Amino acid sequence: VWLRRADLEQNDAALARFDAQFGIFSDRLQEDDGLYTHAADWIIEQTPGVFWARGNAWVTAAGYDALRIHRLRGVGAPIHAAALERQARRILELQDAESGLWWTLMTEPGEAYEEVSGSALFLFGLARAWRYGFLGDEILPALHRGKRGILAAIDERDDGPAITGISGPTTAATREDYLRVPLEEDLPYGVGAMILALIELAGLPEPL
């Protein structure tokens, strides 16, 4: 595909802006264990120590996709890679061993519900990290476990499949507010996350 110089410069500017924003958000929102809090200096009261799955999952998905672009361009991004690896290690620790999904409040298993859109975005980002060599084969069992989990959220019906277990729109707020967000079906961002994850998870080798 032929790209004009102006197109390349526009792409470079967009990636540079992403890099700058990623650094700012990591500085302000990433905790020592790698997880990201939802917001800083927010207008609504937040409960400290609450980690929302889908918000963290967007970091994983977008961050590893940006690292993929950097690698294909032959340019490193060590700050991003370190922040993402720290987050990824904690994410993997928090995956539910039975379902393969993540709880909407990541560090509070058994509270509220396991959430499909965030789980799918985690799996997309982690699978992309494996494909491009940012994470190793040790994550393959978690990816396969997660794939089974998100596939189980597809309800086959007479009028076609529906993706269940997607939390509704969520703002940074108190712990109780997160717990009150209802689960819905076929929300666009959940369907999109599911498609991204299943494409990226396709054809992964079985763990040794």
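Scanning the stretch 184-195 for residues being open to solvent by 80 Å² or more (accessible area, probe 1.4 Å) and under 18 Å from the mean Cα position of the chain (by Cα) gives a total of 2. Residues of the stretch 34-51 that are surrounded by 13 or more Cβ atoms within 10 Å (Cβ to Cβ) and in contact with a helix residue (DSSP H, G or I) (Cβ under 6 Å, 6 or more places away or on another chain): Gly34, Leu35, Tyr36, Thr37, His38, Thr47, Val50. Residue-level check: of (1) touching an Asp or Glu at 6+ places or on another chain (Cβ under 9 Å); (2) under 25 Å from Leu29 (Cβ atoms); (3) surrounded by fewer than 20 Cβ atoms within 10 Å (Cβ to Cβ), Arg180 misses just (1).
Going by the conditions given, is Ala16 at pLDDT 95 or above and farther than 13 Å from Gln87 by Cα?
Details: at pLDDT 95 or above: no; farther than 13 Å from Gln87 by Cα: yes.
So Ala16 does not fit the description; no.
When Phe18 is tested against (1) open to solvent by 50 Å² or more (accessible area, probe 1.4 Å); (2) within 17 Å of the chain's Cα centre (by Cα); (3) under 30 Å from Pro141 (Cβ atoms), just one condition goes unmet, and that condition is (3). Within the stretch 69-86, is there a residue that is closer than 22 Å to Ala197 by Cβ and surrounded by fewer than 12 Cβ atoms within 10 Å (Cβ to Cβ)? The answer is yes, given that some residue of the stretch 69-86 is closer than 22 Å to Ala197 by Cβ and surrounded by fewer than 12 Cβ atoms within 10 Å (Cβ to Cβ). Could you tell me whether any residue of the stretch 40-49 is out of contact with any Ser or Thr (no Cβ under 8 Å at 6 or more places or on another chain), free of Cβ contacts under 8 Å to residues at least 60 places away in the same chain and among the aromatic types (Phe, Trp, Tyr)? No: zero hits.
As for the stretch 55-62, it holds at least one residue that is open to solvent by 10 Å² or more (accessible area, probe 1.4 Å), in contact with a Leu (Cβ under 7 Å, 6 or more places away or on another chain) and part of a helix (DSSP H, G or I). Checking the stated criteria, Ala152 turns out to be of a type outside the set (Lys, Arg) and open to solvent by 60 Å² or more (accessible area, probe 1.4 Å). Listed by first and then second residue, the pairs with beta-carbon distance under 6 Å, at least 6 apart or on different chains, first residue in the stretch 193-204 and more than 12 Å from Arg131 (Cα to Cα), second among the small types (Gly, Ala, Ser) and in a helix (DSSP H, G or I), are Ala193/Ser117; Ala193/Ala120; Met194/Ala120; Ala197/Ala120. Going by the conditions given, is Gly118 open to solvent by less than 50 Å² (accessible area, probe 1.4 Å), modelled with pLDDT of 95 or more and in a loop (DSSP other than H, G, I, E, B)? Against the criterion (open to solvent by less than 50 Å² (accessible area, probe 1.4 Å), modelled with pLDDT of 95 or more and in a loop (DSSP other than H, G, I, E, B)), Gly118 does not qualify.
The values are calculated or read from the model by the stated rules, or taken from the named source; none is laboratory data. The structure displayed is predicted, hence computed values, not measured ones. Using ideal geometry, Cβ is built from the backbone for each residue, glycine included, and neighbour counts are taken over all protein chains shown. Quick note on the areas: whole protein, heavy atoms, side chains included, nothing else; ligands and nucleic acids left out. Shrake-Rupley method; radii C 1.70, N 1.55, O 1.52, S 1.80 Å.
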